[in-house]
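The values are calculated or read from the model by the stated rules, or taken from the named source; none is laboratory data. Predicted model, so just to flag it, every value in this text is computed and none were measured. Quick reminder, even Gly has a Cβ in these numbers, built from the backbone with ideal geometry, and neighbours come from all protein chains shown.
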Amino acid sequence: MLLVTSIIASVLTIIFIKLSFAVIGLRRKNKVGLGSGGYEDLERAIRAQGNFAEYVPFGIILIACLELNGAPWWLVAIPGVALIIGRLIHAKGINVPPPDFSKRILGMKFTFNTLIALVVLNLVWSLYLLFVLEGK
């Protein structure tokens, strides 16, 4: 079962929906059907949504792999919470005019460090299962 992954993916999806509604609202307000129409606030909203969509799937996949391979729930939950925090900070930093680059940078640091940690956790956990547990 993917109980922890389900919770994390659900929270991340709620954030994505909120970012998407922000884009839709600004498109309607500015009467722009495609692109940003030169509106800076719409461009920021589009990039916040796009950036979220670019990074989150990798995190969810790695979190699910970790959980499917039997890692303890807390080892799955900690990077999941870190990914949520990183994405929220980044979205806040990019969407608030003028863009708060310190928040964007902090959000990306959280995101990249979480993805790197998930890669390491998956490799170490998988190798542990393969060589230590399978070797018995």
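Okay, here's what the table says:
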quantity	calculated
Residue identified as in contact with a Leu (Cβ under 7 Å, 6 or more places away or on another chain) and surrounded by fewer than 15 Cβ atoms within 10 Å (Cβ to Cβ) among VAL132, VAL119	VAL119
Test: residue in the range 103-111 that is closer than 26 Å to THR5 by Cα, in a helix (DSSP H, G or I) and of a type in the set (Phe, Trp, Tyr)	yes
Filter pass, ILE63 being under 30 Å from LEU130 (Cα atoms), crowded, with 22+ Cβ neighbours inside 10 Å and touching a helix residue (DSSP H, G or I) at 6+ places or on another chain (Cβ under 8 Å)	yes
Counted residues, the range 80-103 - those being of a type outside the set (Phe, Trp, Tyr) and surrounded by fewer than 21 Cβ atoms within 10 Å (Cβ to Cβ)	15
Unique match (being crowded, with 18+ Cβ neighbours inside 10 Å and farther than 17 Å from LEU123 by Cα) among ILE24, ILE17, ILE46	ILE46
Test: residue in the range 123-130 that is of a type in the set (A, V, I, L, M), part of a helix (DSSP H, G or I), farther than 26 Å from SER6 by Cα and at pLDDT below 95	no
Check on GLY38, at pLDDT below 95, not β-branched (Val, Ile, Thr) and not in a helix (DSSP H, G or I)	yes
Checking MET108 against (1) within 20 Å of PHE16 (Cα to Cα); (2) at pLDDT 95 or above, the condition it does not meet	(2)
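Results for (1) of a type outside the set (Gly, Ala, Ser); (2) part of a helix (DSSP H, G or I); (3) at pLDDT below 95, shown as yes or no for each residue.
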| residue | (1), (2), (3) |
| --- | --- |
| ALA45 | no, yes, yes |
| GLN49 | yes, yes, yes |
| GLU54 | yes, yes, no |
| LEU66 | yes, yes, no |
| ALA77 | no, yes, no |
| VAL81 | yes, yes, no |
